[in-house]
Amino acid sequence: MNQETPAAYEAEKAVLGCVLLAPSVAEADALLGQLRAGLFHDGRHEAIYSAMLQVRREGHAVDGIMLMEYAKRKFVIPPFDLPLLAECQAKAVTVFNFPSYLGLIRDAAARRWTIARSEKLKALAADGEFSVEAVKAAVADLFEKSAKIGETAKPLIETVTLEELRAYQPDPKTYLVGAEMICRGEISLLAGWPGLGKSRLANTLAFAGARGHGTWMGYEVKRQFRTFVSQGEASMNRLKGETEAISAEYNDLVRFSKPCSLQFGRPEFRAELRRIWEQWPFDVLVLDHWLKIARDEGQADYLEALDNIMDSLPRGEQCPAIVIIAHLRKQRGGENWKPKNGRELLSEISGSFAIGAAARTVFVIQPATMDYEDDRIVFDCAKSNNDIPLPMSAWHRRNGEFLPCNSFDFDAWLCPPEENGRRLLTEQDLRDVFDGGRRKASRKVLVADLVSRGFAEPTAYRALSKGGKFADFILEEDGLLCWKG
């Protein structure tokens with residue numbers, strides 16, 4: 001072996017010896033979980049490590065006999081023997097020294113990595129087609145990969161027991177908006193037609209997080225959080241207009257990028273975003289707009305774009321919430337446009353289904369009418385994997401804010417009276433279906449009754465829902481509804 005190559009052979013033996021000396025299977029697994037093949041420079045030591053992993057996968061405890069049995073099955077000529085295993089065990093004086101041994105082999109591995117990459121840069125400098133752009137890309141790639149130096153390797157599949165699940169306590173800092181509507185480490189989507197105020201709505205989320213209390217579009221803001229808006233459209237003039245009313249005490253809680261191409265496919269762009277997070281750790285990343293990230297609408301392009309986004313951010317509990325702004329599919333306006341609600345909106349997101357599938361929560365805004373002077377929008381949740389969303393709501397777009405529109409008639413909006421002979425459902429209609437308060441029935445039975453009287457099924461369900469406009473007149477007891485008006 002080349003003695004000039006950085007290596008810590010004795011420490012490599014010692015970490016393996018610690019695994020052999022571990023007093024329990026659980027402790028051996030904990031030690032193995034902190035190792036990875038690339039830390040070993042001696043091929044025999046790497047083979048022992050791989051054998052230890054396989055022995056554990058087969059359900060056996062790690063000892064010399066089981067390791068040699070595996071080696072004989074795997075290799076014609078075993079790369080290690082019992083004397084080498086005994087030597088490893090002898091090097092590990094005590095399991096408690098494992099962190100020190102691990103530090104030594106990590107340091108040697110990092111030195112080898114640095115030397116190998118420097119050789120690649122030398123080759124690039126000698127290349128006849130040398131260019132500054134090639135150097136930038138190479139250095140950015142090195143920066144991105146260097147962030148993983150010394151990281152603990154994790155098994156491809158980690159298991160958890162029922163007991164561990166019962167004992168698990170989620171970090172309260174994970175939850176930002178709603179019970180679990182916007183959370184750190186998860187993707188949320190904000191979709192709508194152009195010109196409805198998606199970017200403005202994302203900005204109001206950032207400002208609500210800066211305040212750290214109150215609500216955002218009806219959902220409770222759980223705590224104060226930082227937001228970075230990486231955007232490709234809004235000018236400095238527009239951003240100035242939307243932020244002038246925000247208190248100076250929130251200056252360090254919201255930041256915007258100047259208009260830029262969201263080139264997550266380039267290593268240097270991912271490295272730059274990671275640098276911003278390291279200097280100013282943000283809790284929410286807003287990406288405005290998805291079309292700036294994924295140019296094509298193919299599933300492969302979308303999946304690659306999502307992977308690139310995640311690669312630019314820290315993993316685990318430090319990963320921020322990601323809010324992506326996207327378009328709905330093109331619709332013909334005027335009399336041909338028909339609003340939708342709930343889950344049926346998920347299929348209206350422009351592009352591949354991959355973006356909607358990746359998001360844990362999908363919010364959608366639609367116009368109240370096709371009149372450009374109408375400042376009302378309808379806010380709805382098309383997907384919520386973590387919690388039951390609020391009923392859809394209507395809002396006015398005014399002065400950079402969204403103000404509640406409490407008098408909005410959702411039944412008339414979703415199903416106009418003249419359409420298909422459907423009628424608007426009134427308080428008297430409900431009183432009749434409840435027989436003036438003398439009838440009790442399940443929601444399903446009452447909906448069927450209303451449909452038989454000429455009302456649309458969605459209208460009937462909304463009228464009988466807990467958050468519907470007739471909720472003050474309806475009481476639910478033992479699964480049956482009754483009229484108390």
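Bear in mind that the values in this text are calculations on the coordinates, not laboratory data. The shown structure was predicted, so the numbers you read here are calculated from the model rather than taken from an experiment. Using ideal geometry, Cβ is built from the backbone for each residue, glycine included, and neighbour counts are taken over all protein chains shown.
Numerical summary
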| read-out | value |
| --- | --- |
| Residue exposure sequence - Lys469, Lys222 - by fewest surrounding Cβ within 10 Å | Lys469, Lys222 |
| The stretch 417-483 shape via C-alpha gyration tensor axes, a/c threshold 1.5 | prolate |
| Rounded tilt (10° steps) of 9-21 against the dominant C-alpha axis of the chain | 70 |
| FRET efficiency, 1/(1 + (r/R0)^6) with R0 25 Å, evaluated for Gln263 and Lys173 via beta carbons | 0.25 |
| Helix-only CD estimate at 222 nm, as mean residue ellipticity for the chain, using -39500 (n - 2.57) per DSSP H run (n ≥ 4) | -12000 deg cm²/dmol |
| Whichever lysines have a C-alpha closer than 16 Å to that of Lys444, once near sequence neighbours (fewer than 8 apart) are set aside | Lys466 |
| Spacing of the two label points (7 Å from each Cα toward its C-beta) at Gln279 and Ser442, in nm | 6.1 |
| Among Ala234, Gly59, Cys405 - extreme Cα towards positive end, dipole of the chain, charges at beta-carbon | Cys405 |
| For the stretch 9-146: lysine pairs under 23 Å (alpha-carbon distance), excluding those fewer than 8 apart on one chain | 8 |
| Overall form of the stretch 197-346 per C-alpha gyration tensor (a/c, 1.5; a/b vs b/c) | oblate |
| Cα long-axis angle, helix 43-57 against the chain (0 to 90 degrees, to the nearest 10) | 50 |
| Local electrostatic count at Arg226 - Lys and Arg +1, Asp and Glu -1, tallied over other residues with Cβ under 13 Å | +3 |
| Cα-based helix-to-principal-axis angle, 132-146 vs the chain, degrees rounded to 10 | 80 |
| The stretch 40-96 shape via C-alpha gyration tensor axes, a/c threshold 1.5 | oblate |
| Those lysines that a straight Cα-Cα span of less than 24 Å connects to Lys338, excepting residues fewer than 8 apart in one chain | Lys198, Lys330, Lys383, Lys469 |
